[in-house]
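Comments concern the structure below.
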Amino acid sequence: MPALTYEPLDPATVNDPYPALAALREQSPVHWHDGMSSWLVTRYADCVAVLRDHTVFARDRRRTGTTVPAASLSVQSLDPPDQAGVRSLFMNALRAQDLPALEARARTRAAALLAEVDRRPTFDVMAEFAAPLSLSVVCDLLGVAEPLLAEFASASDAIMRSMDGGLEGARIEPGRRAREELTALVTSWFAETGRPSGLLTHVRTHTPPGAGEAEELFVRNTARVMFQGGYSTMTAALGNALHTLAARPEAQERLRREPQVVPGAAEELVRFDGPVQGTSRTATRDTTVGGIPIPAADTVVLLFAAANRDPAQFPAPHQLLLDRRHNRHLGYGWGTHSCIGTRAAQACLRAALDALRTHPTPLRPTGPARRQPSATMRTFACLPVTLRP
């Protein structure tokens, strides 16, 4: 049986966290981690129970006496009922978008990106496919002009790395500065007029006229989170999915033979190796998780990567089953704090799978891939592949 250790930034764990997560889930499913000063929750049912109970488990740390910077207050950090107005505003704006048309444009963009690299001996999935496609899709959804990819990717990476600031404090300040830069960009979008379409136009025109300064701040911060978080999550999901498929020619062949499998495959690829590794909550009172006492004010970290391979929820969890049924994975979170852009992210992934399966040649790895040293987001720094026969 594997040793009962979990060091999320250890290179071996970054490369493959699943053996350590399986050991935790089997031997100590609710486990106190001294280094993280948190309870690690690994079973699917326990994770869902915590996510459902907003009264006992707070996402908004202000409820337990912690000061939260104004820039960090968004629909993702507020709890019901405080988040209801802003979340409803964004969800209604999302429903108003023509997502099938967005997916069709994403498919065209994905095919064009593959055509640009298909004769090269090797190319980097992350820099030359996942990142440009994700930025294109999220800007299309929001209805804004694309910023320069290199500059935006650098700021997004700093924000993503700062989510592990509790493990490495040096990551916090670069992330704060990057948030300020993106907040200024998003604020400029809200000041513009005359945009004919897009999610942000809907949000701006449907924000209640009497909205106070605090609510307007939540709206702008949520737009920034949707922009940056949507990009980073899509990029990570695409990289993980294409890495999984490049190592499994038989899966690519099935997608070519059976296009009807694509929607289910997009879900299964996220379950199998998802982008979001987990999230945290704070206990507002003494409680229990999985029969383990949790004192008030303690933090619980819900490890989605472990829950998504829980055999109690997913039969044959370590197998990639493109037609898996009842696949209610936690790849994008759960409930009111799930990623607002989940539908757009999955549309992007389906578009990429369609472009890949209709490309004349399959994807193959050409060298060692390199993971980003991140505990919160599972993503690649470099993923070399080829489309040459």
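Before moving on, here are some points about what is shown:
- Distances between placed amide hydrogens fall under 5 Å for Trp32 paired with Leu40, all partners being 5 or more residues away or on another chain.
- Counting only the Cα atoms, the range 334-389 fills a convex hull of 94 Å³ per residue.
- Exposure proxy ranking, count of Cβ atoms within 10 Å, fewest first, for Val219, Val41: Val219, Val41
- Among Pro373, Pro132, Pro295, residue whose mean-square fluctuation peaks in a GNM of the chain (springs only between Cα atoms under 10 Å): Pro295
- Relative contact order of the range 1-158, taken over Cα pairs closer than 8 Å and 6 or more residues apart, is 10 percent.
- Among Arg105, Arg350, sorting on how many other beta-carbon atoms sit within 10 Å of each Cβ, with the fewest leading, yields Arg105, Arg350.
- Cβ-derived FRET efficiency at R0 35 Å, Glu151 paired with Asn92, nearest 0.05: 0.65
- Build a GNM of the chain with springs between Cα atoms under 10 Å apart, and of Ala23, Ala236, Ala307 the one that fluctuates most is Ala23.
- Remark: the Asp118-Ala101 segment gains 3.6 nm on full extension, using 0.36 nm per residue and subtracting the alpha carbon distance.
- Antiparallel bridge percentage (DSSP; both residues within the chain; nearest 5): 80 percent
- Counted residue by residue at 0.36 nm each, then reduced by the alpha carbon distance between them, the extension gain from Glu215 to Arg63 reaches 52.9 nm.
- Span-like helix ranges in the chain, DSSP H, alpha carbon extent 18 angstrom or more, Kyte mean at least -1.0: 99-117, 149-162, 172-191, 213-246, 342-358
- The magnitude of the dipole of the chain, with charges of +1 and -1 set on the Cβ of Lys/Arg and Asp/Glu and taken from the Cα centre, is near 700 debye.
- The residue list Gly335, Pro373, Thr279 was ranked by how far each Cα lies along the charge dipole of the chain toward its positive end, using unit charges on Cβ atoms, and Gly335 comes out on top.
- Candidates Thr282, Thr205, Thr42, ranked by Gaussian network fluctuation over the chain, Cα under 10 Å, top entry: Thr205
- In order through the range 32-37: 3J(HN,Hα) via Karplus (6.51 cos²θ - 1.76 cosθ + 1.60), integer Hz, x for Gly, Pro: 7, 10, 4, x, 9, 6
- Gain on full stretching of the segment that runs from Gln319 to Trp32 - 0.36 nm per residue minus C-alpha separation: 100.4 nm
- Length-normalised contact order for the range 11-386 - Cα pairs under 8 Å, 6+ apart - percent: 29 percent
- Neighbour-count order for Leu21, Leu167, Leu322, fewest beta carbons within 10 angstrom listed first: Leu167, Leu322, Leu21
Each value in this text was obtained by applying a stated rule to the coordinates, not by laboratory testing. This is a predicted model, so every value here is computed, not measured. As a convention, Cβ positions derive from the backbone with ideal geometry for all residues, glycine included, and neighbour counts pool all protein chains shown.
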